[in-house]
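Just dropping this structure here.
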Amino acid sequence: MIAGALQARSPLMPSPPSSLAALRARYGARYRWLSLGTVMLGTIASIMASTIVNVAVPDMSQHFTLGQEQAQWLAAGFMAAMTVSMPLTPWLLERHGYRRTYMAAVLLLLAGSIAGGLANSYGLVLAMRVTEGLAAGVLQPIPAIIILRGFKPEEQGRAMGLFGFGVVLAPALGPSIGGVLVEWFGWRSIFFVASPFCLLALPLAWKLLPHSAPGGVEVNAAKVRLDLGGLALATLTILLGLNGLALLHGGSAMAGLSLLACSAGTLAAFIRHQRRTPHPLMRLDLFRHRRFALGALVAFVYGAALFGSTYLLPVFMQIALSLPPSQAGAVLLPAGIALAITIPLVGRSSTPSSRATFIFSGLVLLALSFALMLVVGRGTALTVITALAIVGRIGLGCILPSLNLAAMESVDTTLVAQGSSLINLLRQLGGATGVSLIGVFLAWRLEVAGSPTSLRAFHEAFLLLGLLTAAAAVAARGMRHARRV
């Protein structure tokens, strides 16, 4: 879908100077910041599309009469699609260049957002969530690639901090804006929130992004075959695994276990295929670097905890605590502001020797915030819930600017696009797994409790998230002692 859109060229719009050298000559030293700001807009739009829907899940469940297992696919479907398309980013950049790849993905995200808001059936809404996810998967690795290729090592922490500051405004403001929109205009309105960012990103990308591939390589000289076999096996692995998790609950445990077993089989086939093909979809030799391997493990487990909590927290406040959507979103706003302040501070302070320590400390704070949610009940003051959310978001602020940079320290610059995409892929795969796992686990515990508003069931889900985050902290501790190359 994205590759097809890339083939179209407008005969009425002459291309501006498009080589990396020409753009650098025109804009000077500020060009790297302008290009980073441009790709930030698409990433903000994709994150907004990802997170804002969670506030509308109860309203959409009522509108379409959805059960918990169906409702969680509104988030998990987006995450699964994002995970499937993310490995395509290095190939798309090499084959089509920054400008065409980025603009096609933004257009796809815009189309999915508008069509989702106009949809009249759950099936079409879910299809548009998948469309948005496909676009988001291509967009999200691009900023890290630009930072790692375009900025000096001493500037990368600052650039990642600035990028993180901009990106966290989406999840910080998204639930608050979404809560108000759902109350005033209904669930459809939240689909259109990403549209202004997309419309602003398109002309800036046309003007500021190079037509070339990473490193300034001309796309005509960088054509590589797409590993269709690897892509098919990766897609099967992800979809079989997520559907297997969803079927574990609801009287289909055997079917779920069978799908999980098939997912494990296709994963083994994928690994074997990647080792044998001359043009692999993923460079698995990256895992020979211990810091990268540990960083990848942290990314996966951290993604499961992060996105699982992003799904769980708004649902917990609306269903278990009976808060209206606007209040549920307002509780998360101060935490988002704390996150936005923490990220640039950590970005400026982090050095190659301190990044693993920041990651470990952040994961400890995040696990603590999940554990403390066990004391939250219907009589708990909103200030207490807000304070716990702030603790967790400060932890996230320590992790986000550091994870990609710490994992990539031992990786050759020629593998930056593959490595960055793989780290993002594993974080999103963890996120898709986490959303499905929490949705299924919560449905199971609510059924055991015999009440759809059981506090104990929600507390057990938060405890599971805390354990997952603690496991990621163990791997992050290993990164602190791994040798940097």
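Read-outs: derived from the displayed coordinates by stated rules, not from any lab. Predicted, not measured: the structure shown is a model, and the values here were computed from it. FYI the Cβ positions are ideal-geometry reconstructions off the backbone, even for glycines, and counts take in every protein chain you see.
Taking Rh as the Kirkwood radius, which is the inverse of the mean 1/r over Cα pairs, what is the Rg/Rh value for region 227-280?
Working: Rg = 12.7 Å, Rh = 11.4 Å.
Here Rg/Rh amounts to 1.11.
If each DSSP helix of 4+ residues adds -39,500 (n - 2.57) and the sum is divided by the residues in the chain, what number results at 222 nm, nearest 500 deg cm²/dmol? Mind showing how you got there, number by number?
Working: 19 runs with 364 residues, N = 485.
Rounded to the nearest 500, it is -25500 deg cm²/dmol.
So between Leu118 and Ala261, what do we pick up on full extension, going 0.36 nm a residue minus the alpha carbon distance? Please report the intermediate quantities before stating the final value.
Working: separation 143, 0.36 × 143 = 51.48 nm, distance 3.81 nm.
Gain on stretching Leu118 to Ala261: 47.7 nm.
Evaluated at 20 °C with a viscosity of 1.002 mPa s, what Stokes-Einstein diffusion coefficient in µm²/s does the chain have when Rh comes from the Kirkwood expression over alpha-carbon pairs? Provide the component values of the computation, followed by the final result.
Values: Rh = 22.5 Å.
The diffusion coefficient I find is 95 µm²/s.
Across every pair of different alpha-carbon atoms, what Kirkwood hydrodynamic radius in Å does region 390-485 reach? Spell out each step's value before the answer.
Details: mean 1/r = 0.0632 Å⁻¹.
Answer for region 390-485: a Kirkwood hydrodynamic radius of 15.8 Å.
I want to check the label-to-label distance for Thr383 and Leu34. Put each point 7 Å from Cα in the C-beta direction and report it in nm to one decimal.
It is 4.8 nm.
Starting from the Cα-Cα distance between Leu463 and Gln70, subtract it from 0.36 nm times their residue separation and give me the gain in nm to one decimal.
Working: separation 393, 0.36 × 393 = 141.48 nm, distance 2.31 nm.
Full-extension gain reported as 139.2 nm.
Further, regarding this structure: Can you tell me the orientation of helix 355-372 relative to the chain, as the angle in degrees between its alpha-carbon axis and the longest Cα principal axis, to the nearest 10?
Orientation of helix 355-372: about 20 degrees from the principal axis.
Could I ask something else about it? Over the Cα atoms of region 238-315, what radius of gyration and what Dmax do you get, in Å?
Considering region 238-315 through its Cα atoms, Rg and Dmax are 15.9, 46 Å.
If you fit an axis through the alpha-carbon atoms of helix 73-85 and take the longest principal axis of the Cα set of the chain, what angle between them do you get, 0 to 90°, nearest 10?
Rounded to the nearest ten degrees, it is 20.
Using a Förster distance of 22 angstrom, determine the FRET efficiency expected from the C-beta separation of Leu284 and Thr413, and round it to 0.05. Please report the intermediate quantities before stating the final value.
On the way: r = 19 Å, r/R0 = 0.85.
Calculated value: 0.70.
Okay, moving on. If we count other beta carbons within 10 Å of each Cβ, what is the order of Asp285, Asp59, Asp227, fewest first? Show your work: numbers first, answer last.
Details: Asp285 12, Asp59 17, Asp227 21.
With the fewest neighbours first, Asp285, Asp59, Asp227 line up as Asp285, Asp59, Asp227.
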